[in-house]
Amino acid sequence: MPDPLDWIDDELTALDAQHLRRGLVTREGPQDAVVTVGQSHNLINFGSNDYLGLAADRRLNDAAAIVAQNEGWGAGASPLVAGRSLSHEQLERRLAEFKGAEAGLVFSSGFAANVGTVAALVERGDAIFSDANNHASLIDGCRLSRAEVHIYRHADVDHLAELLSATGRYRRRLIVTDALFSMDGDLAPLPQIAALAAQHGAMLMVDEAHATGVFGQRGRGVSEHLGVEDAIHVHMGTLSKALGSTGGFVVGQQKLIDWLTNRARAYVFSTALSSPVAAATIAAIELVQSESQRRWQLLDRAGELRERLSAQGWNIGRSCAQIIPIYLGDAEQTMDLAQTLRGCGLFVPGIRPPSVPTGKSLLRISLTWLHTPAMLDTLLQALAAERH
Ligand code: PMP
């Protein structure tokens with residue numbers, strides 16, 4: 001009797017042949033500027049989204065430990081039943097204050113926040129306008145919603161305007177975009193997108209996963225940086241990147257949060273985050289506010305690194321952030337360079353399909369505040385050797 005799962009062997013063999021098979025990577029010890037992954041010890045780590053270096057900060061641990069004593073570890077139920085504790089309530093209030101919004105809602109991950117929110121805002125008979133490079137969680141939310149999805153070319157506001165003009169007949173319309181794109185490190189043209197949303201009476205949802213805590217005077221994100229916060233109806237972010245924690249959130253008007261509380265299935269039917277996680281995240285928000293030098297130093301160093309990489313002749317595209325791609329195109333060549341860098345003591349992940357389209361593989365350099373100038377010099381020296 002053949003094993004009904006035999007087809008998986010064939011599929012995995014096909015992935016191997018295309019150099020697209022992924023393997024799990026295990027890190028020893030905390031997330032840090034230097035890490036041990038797999039058999040490779042003490043690699044300078046350019047593969048973490050812990051942009052402000054808070055993931056292993058003692059103050060987050062301490063906050064979590066106190067709440068673990070008072071509220072326990074597991075939430076034990078979904079938030080609408082008995083899973084939501086005082087720490088969750090406090091975190092939602094702090095997130096809303098931090099982002100200058102009326103109310104907030106915390107999901108178990110950023111992925112859940114996107115899938116749950118998009119599918120709660122639109123349904124069959126409605127239309128979504130989605131940037132071609134949006135994150136997988138937004139794409140899955142679009143699919144799940146059953147609304148008609150119109151994909152506009154990446155950051156192309158003329159194309160978005162064209163699509164909006166051609167689709168007047170829909171009941172509700174939702175424009176959705178990443179604020180800072182997770183692979184390309186470029187920013188969405190939010191002022192122009194917001195103007196189009198206003199002109200067409202569309203809802204605008206912005207995913208600030210990679211920009212929260214990094215961009216803007218107060219660390220609120222790209223919408224603050226570009227001065228368009230008030231024009232955005234649905235502000236989404238994660239707790240898992242610059243906030244060094246885990247979970248996702250949406251902030252906005254109270255009625256939006258009331259609606260999501262009732263209709264976002266990824267919220268309603270999923271166990272609440274652990275209370276200690278909520279407590280650690282509150283501590284992280286306080287650090288984002290009190291240690292603003294971390295984001296300025298990070299962005300300054302990123303600017304300098306981008307200039308030096310360009311000077312070496314690497315194609316870094318339109319990156320203007322702490323995420324810096326080196327576009328190589330071919331998946332095999334990308335993984336070879338990642339391996340060579342690993343041999344030089346550097347962990348720089350190669351990104352290939354399905355995370356990026358075929359032929360668009362890249363090395364993704366992710367900077368954190370913990371990187372020292374000497375670490376960046378080491379990276380540049382290793383890359384310079386590859387240009388000769
Ligand atoms: N949105 C974007 C743009 C992301 O890059 C990610 C995670 N890589 C998510 C959402 C999902 O967030 P989380 O990791 O907290 O589930």
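The values are calculated or read from the model by the stated rules, or taken from the named source; none is laboratory data. In this text, all values refer to a predicted model and were calculated from it rather than measured experimentally. For neighbour counting, all protein chains shown are included, and Cβ atoms are generated from backbone atoms with ideal geometry for every residue, glycine included. To get the accessible areas, we keep the full protein, side chains included, count just its heavy atoms, and leave off ligands, DNA and RNA. Shrake-Rupley method; radii C 1.70, N 1.55, O 1.52, S 1.80 Å.
From the residues in the stretch 75-102 that are open to solvent by 60 Å² or more (accessible area, probe 1.4 Å) and not in a helix (DSSP H, G or I), which one is farthest from residue 267 (Cα to Cα)? Step through it out loud before you land on a result.
Step one: of the stretch 75-102, the residues open to solvent by 60 Å² or more (accessible area, probe 1.4 Å) are 76, 80-82, 84, 86, 89-90, 93, 97, 102.
Among the residues that remain, those that are also not in a helix (DSSP H, G or I) are: 76, 84, 102.
Values: 76: 14, 84: 11, 102: 19 Å.
Going through the qualifying residues, I end up with 102.
Look through the stretch 136-168, keep the residues that are among the hydrophobic types (A, V, I, L, M, F, W, C), over 13 Å from residue 196 (Cα atoms) and open to solvent by less than 10 Å² (accessible area, probe 1.4 Å), and return whichever of them is farthest from the ligand (Cβ to nearest atom).
Among those that are among the hydrophobic types (A, V, I, L, M, F, W, C), over 13 Å from residue 196 (Cα atoms) and open to solvent by less than 10 Å² (accessible area, probe 1.4 Å), it is 142.
Regarding residue 185, is this residue closer than 20 Å to residue 247 by Cα and either surrounded by 22 or more Cβ atoms within 10 Å (Cβ to Cβ) or away from the ligand (no atom under 15 Å from the Cβ) (or both)?
no
Inside the stretch 249-313, counting only helices (runs of 4 or more DSSP H) that do not spill past its ends, which hold 3 or more residues that are within 14 Å of residue 116 (Cα to Cα)? Talk me through it step by step, then tell me what you get.
Numbers: elements: 254-263, 265-268, 275-290, 293-311.
Fully inside the stretch 249-313 and qualifying: 254-263, 265-268.
Looking only at the stretch 356-375, decide whether some residue is hydrophobic (A, V, I, L, M, F, W, C), free of Cβ contacts under 8 Å to residues at least 60 places away in the same chain and under 14 Å from residue 316 (Cβ atoms).
Just the residues of the stretch 356-375 that are hydrophobic (A, V, I, L, M, F, W, C), to begin with: 356, 362-363, 365, 367, 369-370, 374-375.
If we keep only those that are free of Cβ contacts under 8 Å to residues at least 60 places away in the same chain as well, we get 363, 374.
Subset that is under 14 Å from residue 316 (Cβ atoms): 363.
Checked against the condition, which is being hydrophobic (A, V, I, L, M, F, W, C), free of Cβ contacts under 8 Å to residues at least 60 places away in the same chain and under 14 Å from residue 316 (Cβ atoms), the stretch 356-375 yields at least one hit.
Can you tell me which residue among 106, 67, 115, 37 is surrounded by 19 or more Cβ atoms within 10 Å (Cβ to Cβ), over 30 Å from residue 225 (Cβ atoms) and of a type in the set (Val, Ile, Thr)? Working first, answer last.
Numbers: 106 fails: over 30 Å from residue 225 (Cβ atoms); 115 fails: over 30 Å from residue 225 (Cβ atoms); 37 fails: surrounded by 19 or more Cβ atoms within 10 Å (Cβ to Cβ).
None of the others qualify; the one that does is 67.
Is it the case that some residue within the stretch 12-27 is charged (D, E, K, R), open to solvent by 90 Å² or more (accessible area, probe 1.4 Å) and part of a strand (DSSP E or B)?
The first filter runs over the stretch 12-27 and keeps only residues charged (D, E, K, R), leaving 16, 21-22, 27.
Filter once more, keeping what is open to solvent by 90 Å² or more (accessible area, probe 1.4 Å): 21-22, 27.
Checking which are part of a strand (DSSP E or B) leaves us with 27.
Yes, because at least one residue in the stretch 12-27 is charged (D, E, K, R), open to solvent by 90 Å² or more (accessible area, probe 1.4 Å) and part of a strand (DSSP E or B).
Looking at (1) at pLDDT 95 or above; (2) part of a loop (DSSP other than H, G, I, E, B), which is the only condition residue 105 fails?
For residue 105, the exception is condition (2).
What's the total number of residues in the stretch 211-268 that are of a type in the set (A, V, I, L, M), within 11 Å of the ligand (Cβ to nearest atom) and closer than 24 Å to residue 186 by Cα?
4
For residues in the stretch 110-135 being within 8 Å of the ligand (Cβ to nearest atom) and aliphatic (A, V, I, L, M), which is farthest from residue 260 (Cα to Cα)?
Applying the first criterion (within 8 Å of the ligand (Cβ to nearest atom)) to the stretch 110-135 yields 110-114, 134-135.
Checking which are aliphatic (A, V, I, L, M) leaves us with 112-113.
On the way: 112: 12, 113: 10 Å.
Among them, the one singled out is 112.
Based on what the data block shows, is residue 368 open to solvent by less than 20 Å² (accessible area, probe 1.4 Å) and part of a helix (DSSP H, G or I)? Steps first, please.
Numbers: open to solvent by less than 20 Å² (accessible area, probe 1.4 Å): yes; part of a helix (DSSP H, G or I): no.
Spelling it out, it is not the case that residue 368 is open to solvent by less than 20 Å² (accessible area, probe 1.4 Å) and part of a helix (DSSP H, G or I).
Does the stretch 71-85 contain at least one residue that is under 23 Å from residue 208 (Cα atoms), under 24 Å from the mean Cα position of the chain (by Cα) and away from the ligand (no atom under 15 Å from the Cβ)?
Filtering the stretch 71-85 for residues under 23 Å from residue 208 (Cα atoms) gives none.
No, because not a single residue in the stretch 71-85 is under 23 Å from residue 208 (Cα atoms), under 24 Å from the mean Cα position of the chain (by Cα) and away from the ligand (no atom under 15 Å from the Cβ).
Determine which single condition residue 331 fails, assuming it passes every other condition in (1) surrounded by fewer than 19 Cβ atoms within 10 Å (Cβ to Cβ); (2) modelled with pLDDT under 95.
Of the numbered conditions (1) surrounded by fewer than 19 Cβ atoms within 10 Å (Cβ to Cβ); (2) modelled with pLDDT under 95, the odd one out for residue 331 is (1).
What do you reckon, is residue 261 among the β-branched types (Val, Ile, Thr), closer than 30 Å to residue 349 by Cβ and surrounded by fewer than 24 Cβ atoms within 10 Å (Cβ to Cβ)? Can you show your working first?
Details: among the β-branched types (Val, Ile, Thr): yes; closer than 30 Å to residue 349 by Cβ: no; surrounded by fewer than 24 Cβ atoms within 10 Å (Cβ to Cβ): yes.
Judged against the criteria, residue 261 is not a match.
Mind listing whichever residues of the stretch 40-63 are at positive phi and open to solvent by less than 30 Å² (accessible area, probe 1.4 Å)?
Within the stretch 40-63, the first condition is being at positive phi, and the residues that meet it are 42, 53.
Passing the criteria: only 53.
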